[in-house]
Structures are given as structure tokens and as C-alpha cells.
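Please read the structure below before turning to the comments.
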Amino acid sequence: MYDVAIIGAGPAGASAGLFTAKAGKKTILFDSGKSITAKAWVENHYGVDAIEGPKLLEEGQKQAQKFGAEIVKQEVTKVSEENGALYEIETAEGKYHAEHVVFATGMSVKAAQDLGLEIIDGKEPRVAKIIKVDETGHTSLPKVWAAGTVAGVSVHTIITSGDGAKVAINIISQLNGKRYVDHDVMKK
């Protein structure tokens, strides 16, 4: 069983996975290979030179893996609640269980809608529907969260990655029972 399952391994999902894994939470990310970032050219990321979208995706996923996140290169076909305590995530090749689920599915709300999450109209250009979340990224179901474009934030990768980090910090804080801060200092 995983502490956190993240559906989507683009900027929002990989950023969330980086934070949860670094905090010692057993984390799994599902990468369908459909991120719109795969078609992007990125020149507006603070602290990063211009980079091709596929390279940005690769580097972000590597960072999450460095801290122990597992990445499954499969599309999630179904998410269901199990006895109110955990969730089952299905792919064509297997089933996985997690206490918390994060939807970081870009412009797709299908799996979230099938789970019964509240879906509302999007406000960003070309984003028709989003998952309704509160200011922490929490949805209408216990221990189910959304981050990035699917949660209604701007499609810009730096913003979606920041939103993934925010949601991860809130999940870690809930799991730990106190506010979590991840702030490293330089080593001499």
C-alpha cells in the first residue's frame, strides 16, 4: 500500500511526488504519457534555462524517483474508494492501493468524474472542465486531492508545479499531524 498515489506525472504530479517521496511517504506516480508539456517549449521557468517539454518532464520525474517515488508508465483506468480508508487505482496491468490520491491529470477529468468528484467549468483557455477543490487542493472526497491545471490553476508549467508542491505539503502535513516544511540549507 502507498501513502500517496498521484495520477499524472507532469509538472504538477511529479512536483507533488518529489515532495511526498522526499518526506518519506511511500509514493507512486502514474504516467499516461499524455502530458501537454510533452509538446511544450519552456523559456519562462524561474532558475531554469530554456528547455524542451519532454526534457522538463524527464528531469522532474527523475527528481521524484531520486527520493524513492515509483513511476508506473500506464494510464489509470479506474479509481474507487475502498471501505472509506483507502483507494484502489486500476491500470490495464494491475491494481494499487493508497491512502491519499492526487489527480494531476492536466485537462482530463474523466477518472475524477467516474469517482464522483464534483466537476465544474474551467476558466483557462482550452480547459473545459476542472475538479472543484478548496484552497488546499482538497476535493469533496476524503483524502482525495487535485493539483495543477485539472484543479483550476494556470496551465503554465511553473504554476502547475508549484501547485503540486502546495498540495503535497498539505498532504504530508495531514499525514504527519502537524504542519510540514521542507527547507534545505547549503552544506559547507
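Where a number appears in this text, it was derived from the coordinates with a stated rule and is not lab data. It should be emphasised that the depicted structure is a prediction, and the values quoted were computed from it without experimental measurement. Don't worry about glycine lacking a Cβ; one is built from the backbone with ideal geometry, like all the others, and counts go over all protein chains shown.
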Next item on the list: List the extent of the Cα atoms of the chain along each of their three principal axes, largest first, rounded to whole Å.
Entry: 47, 42, 34
Next item on the list: For a label point 7 Å from the Cα of Asp182 along Cα→C-beta, name the residues of region 34-62 whose backbone N is under 13 Å from it.
Entry: 60-62
Margin query: From Cα pairs below 8 angstrom and at least 6 apart in sequence, can you work out the relative contact order of region 2-176, rounded to a whole percent?
Written below: 26 percent
Item checked: Whole-Hz ³J(HN,Hα) from phi, Karplus 6.51 cos²θ - 1.76 cosθ + 1.60, for region 140-148, glycine and proline x -> 6, 9, x, 6, 10, 10, 9, 9, x
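What are the GluC sites (Glu not before Pro) within region 95-154 that DSSP puts in a loop, where the Cβ has at most 10 other Cβ atoms within 10 Å?
Within region 95-154, the qualifying GluC sites (Glu not before Pro) (loop, at most 10 other Cβ atoms within 10 Å) are Glu135.
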Check: Once phi is turned into θ = phi - 60°, what whole-Hz ³J(HN,Hα) does the Karplus curve with 6.51, -1.76 and 1.60 give for every residue of region 63-74, x standing for Gly and Pro?
Finding: 4, 5, 5, 3, 9, x, 5, 9, 10, 10, 8, 8
Check: FRET efficiency for Asp114 and Phe67, Cβ-Cβ distance as r, R0 = 30 Å, nearest 0.05?
Finding: 0.50
Notebook entry, point to check: In debye to the nearest 20, how big a dipole does the chain give about its Cα centre with +1 on each Lys and Arg Cβ and -1 on each Asp and Glu Cβ?
Noted result: 380 debye
